[in-house]
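Here, each number is a calculation from the coordinates, and none is a lab measurement. This is a predicted model, so every value here is computed, not measured. Cβ: placed from backbone, ideal geometry, glycine included. Neighbour counts: every protein chain shown.
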Amino acid sequence: MKKLILAGSAAAVLLVTGCADMNMSDTQRRTAIGAGAGALGGAAIGAATGNNAGAGAVIGAGVGALGTYIWSQRMERQKQEMEAATRGTGIGVSQTSDNQLKLDIPSDISFDTGRANVKSNFAPILDRFAAGLQNNPGATVRIVGHTDSTGSDAINDPLSMDRAAATRDYLAMRGVDSRRIAIEGRGSRQPIASNDTADGRARNRRVEIFVGEQGR
């Protein structure tokens, strides 16, 4: 019986996600897919625990849909503005797979080695970024600081957090509500290049900024 219920739920998910390919906007399609994935997860949990799998699917669908970031016109506009503001600087501007705007700021733009003070050439970028956030008051921000592997975790962990905090504080001084901004410091634990070379270490010393607009 549980297998039949799960099979039916899976079929419903396939129907939802299949329909998401037809006559839908990007936002509607992503929301439908999120709902479908949530439905399948909810049904599986319900069946496995002896509860009603159908009810689990409904609950799961709601969670899946609510957990989806949307890529609105405001997000697209801010992406275009940041691409223009950062052209030629080495800062990466992209849309993530879950519809967040991501800024990848290398150390030669953001912070001097071993320091957490915002550099002068980083300030105009943050000024433009803050202005974009003012035009999208519903968006939330997550700032993640990273270091290379030079030094111990006792040094790198607080340094990465201090860099994220300094970026948040600068945005707050430009009028962005600090309650919209979460910060993380990951030290040297998530390198994007080899720490065996000077170039690789420079790439690993970075700040990442994510902006997400939650679906309503």
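Put a dot 7 Å past the Cα of ILE109, heading toward its Cβ, do the same for SER94, and the two dots end up 1.3 nm apart. Counted by Cβ distance under 15 Å from ASN135, the other residues give a net charge of +1, where Lys and Arg count +1 and Asp and Glu count -1.
Extension gain, ARG189 to ARG77, is 37.0 nm, computed as 0.36 nm per intervening residue step minus the present C-alpha separation. Computed across region 70-130, the Kirkwood hydrodynamic radius from all distinct Cα-Cα pairs reaches 12.3 Å. The distance separating the Cα centre of region 118-142 from that of region 96-114 comes to 12 Å. Applying D = kT/(6 pi eta Rh) to region 85-216, where Rh is the Kirkwood radius over alpha-carbon pairs, T corresponds to 25 °C and eta to 0.890 mPa s, the Stokes-Einstein value obtained is 165 µm²/s. The simple Förster model, with R0 at 35 Å and r as the Cβ-Cβ distance, assigns ASP177 and THR150 a FRET efficiency of 0.50.
With the biggest extent put first, the Cα atoms of region 168-214 measure 40, 24, 15 Å across the principal axes.
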